[in-house]
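Only one structure is covered here, and it is reproduced in the block below.
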Amino acid sequence: MENKNAKKHRRVLTRQSKQQADKSSKQTVEQCVDDVAKLDDLGEILDPVTLDAIMSHFRTSLESSFAHKSQKKDEVEPFFVLLDPESIQNYLEKAWDLDRFVLDNSFLYLLSLDPQLHRTDFKTLIFFKDGRLIKTRENSNNVMRSFFELIGFSYDFIRGISTRVNGKEGHCVPYIFGRYSFLPLSGPTRRQSSWINLSKVQHYRALKGEKGVEIHCENQHVFQLPVRPQFFADKVKQAGQTVHRQEHLLRNVLKNFDYVDGRKEERENNLLGNAFHAPTDRISLISMEDYIRIFQFSFAETALKHPSLRDNPVTDEALHLLRENLYEDLPHLRNAPR
């Protein structure tokens, strides 16, 4: 039989174990170690069965505490943004007020705020994949323009390429460059616009009565957009075609540069490979955007020098216009033969 001291100590330890379970979210690892040391001191008083039962209960409570804490940290409440302005007010109150920040590709929806409609002096509200919310007095176009500078290509540059590839002017042309895919919901070259990160959209559906489109993004985030379903469907199709063309171009480039599945084949005893380490200061000054524009000029110049246009008096004038008006600021073009 257990003596009175053993029973007393068991009641005390049981009560302490329950208190530990109630306060588990505040308990530190150091406190846990101290409690275990106390139990070791009482090993001579308690019988092994009782001590094992108390330790088992203590261990289970501690594991449950850490599991609950870890699960709560990882949980993100999904956004569900409706068309009505009242839905936005709730998110405006929760958002961080930041005037200086760096936008990254994890944003889902960059909303251009209407001062009268949303009753706020903030101009932009940004929803992120991880549940972050940022509101800023910065114009939405300025926010995206700064982001495009980080990517390396402006919206006008990407829009110009898409226009030439598609053969016609487009309204709200998607910004597609590799893994970056964004859709402006109104003309971004003329006024402030909202943007959707198409690379984070999983599927969408048209709302009844053509009142808008509901898009479903990663992490179960849902946004209702005030755009016509046909407009959104056309832009998704256009963006998909652009992605396909870019991937086709990339595959050809990788093939021509001896890349296979994104990995370069090693070349042994290669003269040019060794010469790569020679001084290249002049070439390194050319930005990727200028390099692409040099390609554009080269293609146009080659086309104008086609035999069918060789005797056309307009050819020389066209080449002159290209050099003096469209590509005069290109590096090394001034030294090129005319």
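The values are calculated or read from the model by the stated rules, or taken from the named source; none is laboratory data. Note that the coordinates shown come from a computational prediction; the quantities given were computed from them, not determined experimentally. With ideal geometry, Cβ positions are generated from the backbone for all residues, glycine too; neighbour counts draw on all protein chains shown.
For region 155-165, the criterion of a residue being among the basic types (Lys, Arg) and outside any loop (DSSP other than H, G, I, E, B) is satisfied by at least one position. Given the residues Val173, Val227, which is the only one that is touching a residue at least 40 places away in the same chain (Cβ under 8 Å), over 18 Å from Phe147 (Cα atoms) and not in a strand (DSSP E or B)? Every option except Val227 fails the conditions.
Could you look through region 120-134, keep only residues that are outside any loop (DSSP other than H, G, I, E, B) and under 16 Å from the mean Cα position of the chain (by Cα), and pick out the one that is surrounded by the fewest Cβ atoms within 10 Å (Cβ to Cβ)?
Filtering first and then ranking leaves Leu133.
Could you please give the count of residues in region 300-324 that are farther than 19 Å from Arg164 by Cβ and over 41 Å from the mean Cα position of the chain (by Cα)? Result for region 300-324: 13. Of the residues screened, Thr163 is not one that is surrounded by 19 or more Cβ atoms within 10 Å (Cβ to Cβ), β-branched (Val, Ile, Thr) and at pLDDT below 90. Considering Arg205, Arg179, which residue is touching an Asp or Glu at 6+ places or on another chain (Cβ under 6 Å) and surrounded by fewer than 19 Cβ atoms within 10 Å (Cβ to Cβ)? Answer to the selection: Arg205.
Within region 141-149, is even one residue without any contact (Cβ under 8 Å) to a residue 40 or more places away in the chain and either touching a strand residue (DSSP E or B) at 6+ places or on another chain (Cβ under 6 Å) or under 21 Å from Glu218 (Cα atoms) (or both)? No, region 141-149 contains no residue that is without any contact (Cβ under 8 Å) to a residue 40 or more places away in the chain and either touching a strand residue (DSSP E or B) at 6+ places or on another chain (Cβ under 6 Å) or under 21 Å from Glu218 (Cα atoms) (or both).
Just one of the listed residues (Glu86, Glu138) is more than 18 Å from Ser199 (Cβ to Cβ) and surrounded by fewer than 12 Cβ atoms within 10 Å (Cβ to Cβ), namely Glu86. Within region 303-325, the only residue that satisfies the criterion of being β-branched (Val, Ile, Thr) and surrounded by 11 or more Cβ atoms within 10 Å (Cβ to Cβ) is Thr315.
Going through region 172-191 one residue at a time, which ones are small (Gly, Ala, Ser) and closer than 12 Å to Asn141 by Cβ?
Step one: list which residues in region 172-191 are small (Gly, Ala, Ser), which gives 178, 181, 186-187.
Listed by number, the residues that qualify are Ser186, Gly187.
Among the residues making up region 94-119, a single one is among the polar types (S, T, N, Q), in contact with a strand residue (DSSP E or B) (Cβ under 9 Å, 6 or more places away or on another chain) and not in a loop (DSSP other than H, G, I, E, B): Ser112.
Quick check on my filter: what residues within region 107-119 are surrounded by 12 or more Cβ atoms within 10 Å (Cβ to Cβ) and without any contact (Cβ under 8 Å) to a residue 60 or more places away in the chain? Give the derivation first.
Start the filter on region 107-119 by keeping residues that are surrounded by 12 or more Cβ atoms within 10 Å (Cβ to Cβ), which leaves 107-114, 118-119.
Correct list: Leu113, Asp114, His118, Arg119.
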